[in-house]
Amino acid sequence: MKIVLSPQDQVIRKRAAMLSVLMHVLLFLGMIFMVDWKAVHVNPSVMEATLWDSLPSKQPSKPATKPVEPTPPPPEPKPEPKPPEPKPPEKVAPPEPQVKQAEQEAEIALKKREDEKKRLLDEEKKKELEQKKQEEKLKKIQEALRKQEEEDKLKKIQDAMRQQDMDAQQSAAAGAVDPSVLNYYMGLMSRKIRSTVNSGLCPVTNPELLVDIQMTNSGDISGMPKLVKGSGDAVCDDAVIRAILAAKPFDMPDDPAARKKMVDQIRLKFRPRS
């Protein structure tokens with residue numbers, strides 16, 4: 001594994017190597033100095049002393065000379081110790097702050113991934129919840145529509161049954177009306193209309209017209225008369241419609257059943273020239 005040192009670490013390493021070399025040189029010089037000092041001061045000065053048995057005479061005598069002892073040889077110098085070999089440079093571990101920074105960045109990246117995963121899960125749950133709400137809302141709308149349809153069907157059935165009852169009642173009431181009474185009042189209407197119509201505008205063949213008229217209880221006409229069958233001449237048809245409107249109000253029977261029969265709707269048969 002190759003270790004890459006930063007420029008600052010390389011400078012520190014160079015300074016340590018230079019300091020180590022300097023220390024070894026100083027140690028070597030110190031050892032040399034110690035050896036030289038011992039060699040100079042190892043032999044002390046030789047002291048001589050003369051002993052006398054009696055006081056010397058006044059006459060000078062020749063001094064007795066003592067043979068000089070030879071100077072002992074100086075001790076052999078001790079071998080100089082070899083300087084210690086420099087230790088191999090230790091492997092420099094990567095700076096701890098960089099390792100911590102890398103671990104922090106890895107933890108931050110892991111936390112971001114976990115947060116993103118959690119956010120996606122939350123969004124998916126929200127979508128599922130919203131979809132369920134929409135489905136429930138749709139079910140409620142469908143249920144309301146189904147109930148409304150059932151209510152409408154029931155109402156139609158009730159209305160149809162009610163109309164049948166009313167038709168039956170009207171039929172029963174109509175059946176109780178004396179036809180002669182209706183014919184009498186229908187004749188009165190025809191004579192009153194004929195008195196106001198300009199028969200000269202109609203063909204001499206005196207065709208029969210059929211007109212539906214909606215009456216009121218007071219004998220007035222509700223709305224516009226409806227021509228069901230005309231004379232074949234538009235001028236004559238218009239003259240008859242104008243005459244019907246001009247002849248109102250008409251006499252109505254006192255009998256409630258007969259009056260109701262005429263109020264419901266009557267179909268008048270009319271010949272303008274007879």
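Worth a mention:
- Entry remark, the stretch 242-253: residues being closer than 14 Å to LYS226 by Cβ and crowded, with 19+ Cβ neighbours inside 10 Å number 1 in total.
- Residue check for MET18: farther than 30 Å from GLN98 by Cβ and either in a helix (DSSP H, G or I) or modelled with pLDDT under 80 (or both): no
- Of the residues making up the stretch 218-234, those that are under 20 Å from ASP251 (Cβ atoms) and in contact (Cβ under 8 Å) with a residue 12 or more places away in the chain are SER218, GLY219, ASP220, ILE221, PRO225.
- Condition check for ARG267: of a type in the set (D, E, K, R) and either assigned to a strand (DSSP E or B) or buried (at least 17 other Cβ atoms within 10 Å of the Cβ) (or both): yes
- Whichever residue in the stretch 207-233 is part of a loop (DSSP other than H, G, I, E, B) and touching a Ser or Thr at 6+ places or on another chain (Cβ under 6 Å) and, among such residues, is surrounded by the most Cβ atoms within 10 Å (Cβ to Cβ): PRO207
The values are calculated or read from the model by the stated rules, or taken from the named source; none is laboratory data. Being a predicted model, the structure only gives us computed values, none of them experimental. Every residue, glycine as well, gets a Cβ built from its backbone with ideal geometry; the counts of neighbours run over all protein chains shown.
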